[in-house]
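Q: This structure is in structure tokens; I'll ask about it shortly.
The values are calculated or read from the model by the stated rules, or taken from the named source; none is laboratory data. Quantities reported herein were computed from a predicted structural model and do not represent experimental measurements. No Cβ is skipped: glycine too gets one built from the backbone with ideal geometry, and neighbour counts run over all protein chains shown.
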Amino acid sequence: MSHALRRSETLAGFALGCLALGSAAAQEPAQWLARMDQALTTRNYDGTFSHWQGGQVEMLRIVHRVQDGTVSERLASLDGSGREFIRTGASLACYLPDKRTVVVQQRPQGRSLVGFPAITAQPADYYTIKEVARVRFNQRDTHVINVIPKDEFRYGYRLWIDHSTAMPLKTQLCDAHGQVIEQIVFASLTLAAKIPDAAFRPAFSTDGFQWVRDAKAALVAPAADSPAWNALHLPPGFQLSLRAAQTLPGSTQVVDHLVFTDGVASVSVFVEHRETTVSGAPASAAADVAAQQAPAGPEVTTVGSSSAFSTMVDGHKVTAVGEVPPQTVQFIATQVKAQALSTGGGATAHN
């Protein structure tokens, strides 16, 4: 083999090696997101953090435990009202000392009480993910990961992920210009092999409190000829991940609940059924907030980092709520239509 050929082969091998290293480097930030999501859902931890949003700062404590497959969480406000939220499995108790009331309701087990980003799919097609720095934060080595949206339909994140535990020590929700909308910063964080049951009890006596139990909404089996609500078009990357029909507790109102997600951001849509609508009965807590904040006519409203939009579609009230830019909830809500179940029609991405 000639010297020139051997040299070319060596250079080619070196180039392939560089490409392989570049590919591994490109994958590493996404792997840190996956490790962070696993840490948040599987580890036991007890931490105090500040939550900043809309110029307001609140100190809170979060205790999280996974034991025998059951997730327990306690989120307590250390300022002001002293409200606490304690979750065991799908049961959530909201302790409101300022109102001397405890509200017990059902909540999906996969949803944390803290608004940490949940990465449920590989978002590389719709977000640019890159590590921008490795810094010491709170006396720990961290990877600073930017999750930057590629279009105007979603927010981005800036994350400080602990190198040894993969826990997010600081998270920022950012708009399209990189401006911070919401921020969570841990002041202290400990991880323990075991957390006692006593850590999931309120810090105050509930003697004399009123207990309000909000039973889980009953699921309704749709009739064979009933319409299935879906979005005819969606922002790029969003897909339908949940469709359920249910009656609300204490009424005969029926709503359809749809969830659309791109693997990072998600939007909930609630469709009220005309024939059973009860005035003033909200479809959910999120829809209740949207209904209270929204004006009479179709218009996007924002509550903190969440956007809401309500409109009428073929005589049905449709409300879309999500931690996304205002144009996203408006786009999805106006694309929701009723389709025959037999058609199996699905949403298509909007380009």
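Q: Counting just the residues of region 288-302 that are surrounded by fewer than 17 Cβ atoms within 10 Å (Cβ to Cβ) and over 15 Å from SER268 (Cα atoms), which one comes out modelled with the highest pLDDT?
A: As a first pass, look at region 288-302 and keep what is surrounded by fewer than 17 Cβ atoms within 10 Å (Cβ to Cβ): 288, 292-293, 295-299, 302.
Within this subset, residues satisfying the condition of being over 15 Å from SER268 (Cα atoms) are 292-293, 295-299.
On the way: GLN292: 44, GLN293: 46, PRO295: 42, ALA296: 49, GLY297: 57, PRO298: 70, GLU299: 76.
By that ranking, first place goes to GLU299.
Q: Given the residues ASP98, ASP125, ASP79, which is the only one that is over 23 Å from GLY322 (Cα atoms) and either at pLDDT 90 or above or in contact with a Gly (Cβ under 7 Å, 6 or more places away or on another chain) (or both)?
A: On the way: ASP125 fails: over 23 Å from GLY322 (Cα atoms); ASP79 fails: either at pLDDT 90 or above or in contact with a Gly (Cβ under 7 Å, 6 or more places away or on another chain) (or both).
After applying the criteria, what remains is ASP98.
Q: Now for a separate question. Which number in (1) touching a Phe, Trp or Tyr at 6+ places or on another chain (Cβ under 9 Å); (2) at pLDDT 90 or above; (3) of a type outside the set (D, E, K, R); (4) not in a helix (DSSP H, G or I) marks the one condition that THR311 misses?
A: With (1) touching a Phe, Trp or Tyr at 6+ places or on another chain (Cβ under 9 Å); (2) at pLDDT 90 or above; (3) of a type outside the set (D, E, K, R); (4) not in a helix (DSSP H, G or I) applied to THR311, the lone miss is (1).
Q: Only one of these conditions is not met by ILE181: (1) in contact with a Ser or Thr (Cβ under 7 Å, 6 or more places away or on another chain); (2) outside any loop (DSSP other than H, G, I, E, B); (3) under 15 Å from LEU40 (Cβ atoms). Which number is it?
A: If we test ILE181 against (1) in contact with a Ser or Thr (Cβ under 7 Å, 6 or more places away or on another chain); (2) outside any loop (DSSP other than H, G, I, E, B); (3) under 15 Å from LEU40 (Cβ atoms), just (3) comes out false.
Q: Which one of GLN38, GLN56, GLN31 is at pLDDT 50 or above, more than 20 Å from the chain's Cα centre (by Cα) and polar (S, T, N, Q)? Walk me through how you get there before you give the answer.
A: Working: GLN38 fails: more than 20 Å from the chain's Cα centre (by Cα); GLN31 fails: more than 20 Å from the chain's Cα centre (by Cα).
It is GLN56.
Q: Which residues, taken from region 177-206, are basic (Lys, Arg) and loosely packed, with under 12 Cβ neighbours inside 10 Å?
A: Residues of region 177-206 basic (Lys, Arg): 194, 201.
If the condition is that a residue be basic (Lys, Arg) and loosely packed, with under 12 Cβ neighbours inside 10 Å, then LYS194 is the only one that fits.
Q: Next up: Against the condition in a strand (DSSP E or B) and either more than 17 Å from the chain's Cα centre (by Cα) or of a type outside the set (Gly, Ala, Ser) (or both), how does PHE204 come out, does it pass?
A: Details: in a strand (DSSP E or B): no; either more than 17 Å from the chain's Cα centre (by Cα) or of a type outside the set (Gly, Ala, Ser) (or both): yes.
So PHE204 fails the test.
Q: When you go through VAL269, VAL255 one by one, which is the residue that is surrounded by 23 or more Cβ atoms within 10 Å (Cβ to Cβ), at pLDDT 90 or above and not assigned by TED's automatic domain parsing to the domain that holds HIS177? Quick ask: steps written out before the conclusion?
A: Values: VAL255 fails: at pLDDT 90 or above.
Checking each option against the conditions leaves just VAL269.
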